[in-house]
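Working notes, structure below.
The values are calculated or read from the model by the stated rules, or taken from the named source; none is laboratory data. Since we're looking at a predicted model, the values are computed, not measured. Every residue, glycine as well, gets a Cβ built from its backbone with ideal geometry; the counts of neighbours run over all protein chains shown. Heads up: the accessible areas ignore ligands, DNA and RNA and are worked out on the full protein's heavy atoms, side chains in. Shrake-Rupley method; radii C 1.70, N 1.55, O 1.52, S 1.80 Å.
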Amino acid sequence: MSVISKSQLRGFRNSTRTFSKSTNDSLNEYKTENRQGKISIFLSHKHDEAEDLDSSIGLLKSFGVQIYVDWLDGGMPTATCGNTAIRIKEKIKENKKFILLATEGAIASKWCNWELGYGDCLKYSTDNIAFLPIKNDNFSYTGSEYMQIYPSIEYLDGTRKNNAGAFIPKGYYVLYPADEDGNQSFVLLRQWLTQ
């Protein structure tokens with residue numbers, strides 16, 4: 001797995017904004033962006049990982065998509081309650097794609113795992129659900145083997161070969177789970193986002 005490192009992802013943080021803004025100010029700007037005609041994504045994430053969230057939104061928005069983040073939703077209850085879950089379910093249904101920002105914290109989060117389970121029921125098609133795995137160099141996803149059944153968004157550096165033996169050009173891809181013969185298919189992230 002060619003997981004995107006936190007340092008690599010930070011290159012997208014505030015990529016279209018002034019660096020003097022706080023992470024919260026940057027994230028709040030996403031609420032006012034034009035959403036017309038864009039593919040919509042429910043981005044599941046751990047709330048206390050704002051910098052990773054901001055960077056991930058920057059990466060995904062570079063492909064011209066709309067991102068839904070629950071805590072930027074003015075219709076979300078002010079205190080977490082049953083209505084929070086109802087609103088999240090509605091938003092997962094409304095958005096075409098579901099991406100889990102798979103940080104160490106998100107993998108351990110009850111809410112993220114609940115959202116993934118609900119998203120899986122509604123969206124499970126390799127065309128509509130994926131992980132965006134972000135990790136520190138020394139972290140292992142041991143205990144989260146369920147991640148192996150979902151496509152993952154990864155950066156390939158041009159050194160990996162496809163099933164036919166040809167090098168895959170550098171870029172961001174969605175890698176599908178390997179089949180029983182160990183073959184793995186992939187598609188450019190830009191293409192997956194527009195399917």
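What the table shows:
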{"item": "Alpha-carbon radius of gyration plus Dmax, which is the widest Cα pair, for region 76-120 in Å", "result": "10.8, 27"}
{"item": "Globularity ratio of region 89-195, using Cα Rg and 2.2 N^0.38 Å", "result": "1.11"}
{"item": "Which listed pairs, of LYS110/LYS170; LYS46/LYS161; LYS89/LYS135; LYS38/LYS161, have C-alpha distances above 30 Å, in listed order", "result": "LYS110/LYS170; LYS46/LYS161; LYS38/LYS161"}
{"item": "Radius 15 Å from Cβ of ILE86, net charge of other residues (Lys, Arg +1; Asp, Glu -1)", "result": "-1"}
{"item": "Amide H contacts of ARG160 (H built 1.01 Å from N, under 5 Å, at least 5 apart or other chain)", "result": "ILE168"}
{"item": "Region 171-185 - phi-based ³J(HN,Hα) in whole Hz, Karplus 6.51/-1.76/1.60, Gly and Pro as x", "result": "x, 8, 10, 9, 9, 7, x, 5, 7, 5, 8, x, 7, 10, 9"}
{"item": "Highest average packing first - 65-73, 180-188, Cβ atoms within 10 Å", "result": "65-73, 180-188"}
{"item": "Per-residue SASA entry for LYS170, accessible area with 1.4 Å probe, Å² rounded to 10", "result": "140"}
